[in-house]
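The values are calculated or read from the model by the stated rules, or taken from the named source; none is laboratory data. No experiment lies behind these values; they were computed from the predicted model shown. Positions of Cβ are generated from backbone atoms using ideal geometry, with glycine treated the same way; all protein chains shown enter the neighbour counts.
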Amino acid sequence: MNEFELSIIGPAFLASLLVLSTHVPLGTEVLRRGIIFIDLAIAQVAGLGVIAADTMGWEAEGWLVQIAAVSAALIAAYILHWTDKRWPEIQEALIGVCFILAAVTAILMLAENPHGGEHMKELLVGQILWVNFDQLLPVAIVSALVLVAWYWMRDHLQGFGFYALFAFAITASVQLVGIYLVFACLIIPAIATRHILRRGIRIVCGYGVGIVGCLAGLMISVRGDFPAGAVIVWSLAVSALMFAWLVWPMIRHKDHSAETNIG
Amino acid sequence: MVGSMLRVLTLIIGLVVTSTASALNVFVCQPEWDSLLQELAGDKVESTVATTAFQDPHRLQARPSLIAAVRQADLIVCTGADMEIGWLPLLLRRAGNAKVQDGNPGNFVAANYVRRVEIPVTIDRAQGDVHPQGNPHIHLNPRNIERVADALAERLINIDPSNSAEYQSRLDDFQRRWSDATEDWEERAIPLEGMRLAAHHRSFSYLAEWLDLDIVATLEPKPGIPASAAQLATILEQLTPNPPAGVIRTPYENEKPSHWLSARIDIAEIVLPFTIGGTPGSVDLFSLYDETIRMLEEHNR
């Protein structure tokens, strides 16, 4: 690996580590609740917030747009939290409806205001290769806060807390790496580790799957000159398969015996 | 996989070759400027072109080789006027090459040297798609090419003075051939004057202005946003009694709006090459203009 390849992979790899740090634990919860499309819905609504801000003539750059995006995402999170309590049996369907409503609302608003469209596109299709170190600091702070909140009150996160954390994490990560990669980082490690009983081991294994996948994807992207985000989604999937078929069978007895000992 | 290995290999060979030879490394955003660069600099430059005729120059996926190319560039040649606003600033920031940043001699913006059309008088957000800088698709008027050629040659001389004699003589030669060709095209295109056409977007405004074509309707006035039912109804109503000769689009645009219109009022769909490589015959600026005019002639009634 030469200096040039390192300089390309460096910021992109750090960005993927930040995204994985929050998405692996959140992903296990999302999978447990069976609401896997919640990230698409929240990200789409965050995009809607950006268009709304633009329509109101707010400055296109900087933190005002971020506030608009997070506020919209939080409103969506609150509504979804409410529907989760009110109609838990159809929550996933309602999340799907929320997603398409946000998407078509964007089309309707954009008919009047394509500038907002550019901003929304930026928000939804972040490109991991174009990440700079100075973009990573705010995301690192948000990720740290989300993680602290998560470990501090994960056992009490039945209510709005979980959805609110999710809104913050998704709004930050989508702009960095784009919606496909966010979905992959959230769901794929969680699926690969779903049989692991102990929460700590599961999270560690999930991080392993994610880190191997992201690093391999970035290397393949640099060596083969492919768009990085798309390659990483595939390498995450391959990394998950390898873990579930090769690694997990070799270490599973430890997890189970540990569980028996604790029990 | 073999293809990607080959690409890596050519990248490595490219690195070795360019670091030993004294050729200027140039990063070019659109194929039309690469063709102009070949005319003006020949083998004095090694160029990397970011987009092809089949890619929307407004949009680009980040690939490692693009960052590498900008990082090593002595000069970047782009259209400007907000054409690349969605990706070039990010790419420049990511590549961290001071020579080619905004305002430095290594940053050449073609649109700065021509008179742009469709510059809004007042920036009204309700107008939405209006670009404050005007229409950036400047390359389909030969007068613009002429002006950009002068400016680009001057820039090459500025950053690579050791070859200034060659750049100057190539410029003189190009301008002579270009002005002869332009005269021919203008003569050939006299019958095209007033030819009525529908278009997808405002991608051909400069061509229309030069040849006095009459763009009677624009199907998707706001790129990426489907036209409303009312807009389409107005267009149909307006075009049905007196259909235009055809509906023109670029190779990278979606064919659906053209299909829709041609199915309803029975007119030809014309995919103009738009830039180098857009049709097999468009291999340089000269053949690009030849092909464009020939295709319009074919459909002129």
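Find the residue count for the stretch B:203-233, including only residues that are of a type in the set (D, E, K, R) and at pLDDT below 90.
Restricting attention to the stretch B:203-233, the residues satisfying the condition of being of a type in the set (D, E, K, R) are B:209, B:212, B:214, B:220, B:222.
This time we only want the ones that are at pLDDT below 90, so: B:220, B:222.
Final tally of qualifying residues: 2.
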Notebook entry, point to check: B:ASN254 fails exactly one of the following numbered conditions: (1) surrounded by fewer than 17 Cβ atoms within 10 Å (Cβ to Cβ); (2) more than 26 Å from the chain's Cα centre (by Cα); (3) not aromatic (Phe, Trp, Tyr). What is the number of that condition?
Noted result: (2)
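I'm trying to understand the selection: among the residues of the stretch A:30-52, which are over 15 Å from A:ALA102 (Cβ atoms) and among the small types (Gly, Ala, Ser)?
To start, the set of residues in the stretch A:30-52 that are over 15 Å from A:ALA102 (Cβ atoms) comprises A:30-36.
Answer for the stretch A:30-52, where residues must be over 15 Å from A:ALA102 (Cβ atoms) and among the small types (Gly, Ala, Ser): just A:GLY34.
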Next item on the list: Filter the helices (runs of 4 or more DSSP H) completely within the stretch A:1-113 down to those with at least 2 residues that are under 18 Å from the mean Cα position of the chain (by Cα) and of a type in the set (S, T, N, Q).
Entry: A:3-33, A:63-86
Check: Regarding B:ALA62, is this residue within 14 Å of chain A (Cβ to nearest Cβ) and either surrounded by fewer than 15 Cβ atoms within 10 Å (Cβ to Cβ) or modelled with pLDDT under 95 (or both)?
Finding: yes
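Results for (1) surrounded by fewer than 21 Cβ atoms within 10 Å (Cβ to Cβ); (2) free of Cβ contacts under 8 Å to residues at least 60 places away in the same chain, shown as yes or no for each residue.
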{"site": "A:ALA149", "(1), (2)": "yes, yes"}
{"site": "A:ALA172", "(1), (2)": "no, yes"}
{"site": "A:LEU181", "(1), (2)": "no, no"}
{"site": "A:THR193", "(1), (2)": "no, no"}
{"site": "A:GLY213", "(1), (2)": "no, yes"}
{"site": "A:MET219", "(1), (2)": "yes, no"}
{"site": "A:VAL247", "(1), (2)": "yes, yes"}
{"site": "A:ILE251", "(1), (2)": "yes, yes"}
{"site": "A:ASP255", "(1), (2)": "yes, yes"}
Notebook entry, point to check: Could we say that B:SER169 is without any contact (Cβ under 8 Å) to a residue 40 or more places away in the chain, within 14 Å of chain A (Cβ to nearest Cβ) and either of a type in the set (Lys, Arg) or out of contact with any helix residue (DSSP H, G or I) (no Cβ under 9 Å at 6 or more places or on another chain) (or both) here?
Noted result: no
